Amino acid sequence: MSDKQNAEGQDLNLFYDTVLKLVNIAGELVNEKISQNKVTEIKSCEIDFVTETDQEVEKLLIDGLSNAFPDHKFIGEESVSSGTPCSFTDAPTWIIDPIDGTMNFIHSFPHSCISIALFINKVAEIAIIYNPMLKQQFTARRGNGAFLNGKPIKVSGKTSLSEALLMLEFGTSRDPEKVEGHD
């Protein structure tokens, strides 16, 4: 088995090259819309929004990938939140958050990104996080390391919390059941 194929003989390089092109196109769309007025809708609560751009980016990614790989499945944040059933199986499945950080995007704050990953047999094979406003593209492939704009990256190796940078996200929901981490 080469680094090009997984155990099932699937061409991971083709999947990676295809999604990377689509993410770059989606990034151009996000970059174009970041400074424009946005049409928003509330999803689950008063601080959980979706924009037309979220929907456009998700459609662009799903349409492009499903045309290239008709047997692949999709779990898109906006599709699922609008009622599309979510089914996670062993089939090649793309998990998509078209604009991760929609609140930032709504306020034209350049800290939001396109997040997409491919799971095969419920194992992450490919992941891309792209912030087109800051031109930061993080990519990873199982067994091949992680990269920022094509250059290898790694954790710092710091073992003391006093020497480390800590980031924390509280999420959009303040529902006590979700805050507690229960399903």
> How do the peptides 127-134, 64-71 rank, highest first, by the average count of neighbouring beta carbon atoms within 10 Å per residue?
Replying inline: 127-134, 64-71
> Which shape class, rounded, prolate or oblate, goes with the stretch 12-157 when its Cα gyration tensor gives a ≥ b ≥ c as root eigenvalues, a/c under 1.5 marks rounded, and past that a/b bigger than b/c marks prolate?
Replying inline: oblate
> Which pairs, out of Lys122/Lys154; Lys33/Lys158; Lys21/Lys151; Lys59/Lys135, put more than 29 Å between their alpha-carbon atoms?
Replying inline: Lys33/Lys158
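Every number here is computed from the coordinates shown, using simple stated rules; none is lab data. Given the structure is predicted, the values throughout are model-derived calculations rather than measurements. With ideal geometry, Cβ positions are generated from the backbone for all residues, glycine too; neighbour counts draw on all protein chains shown.
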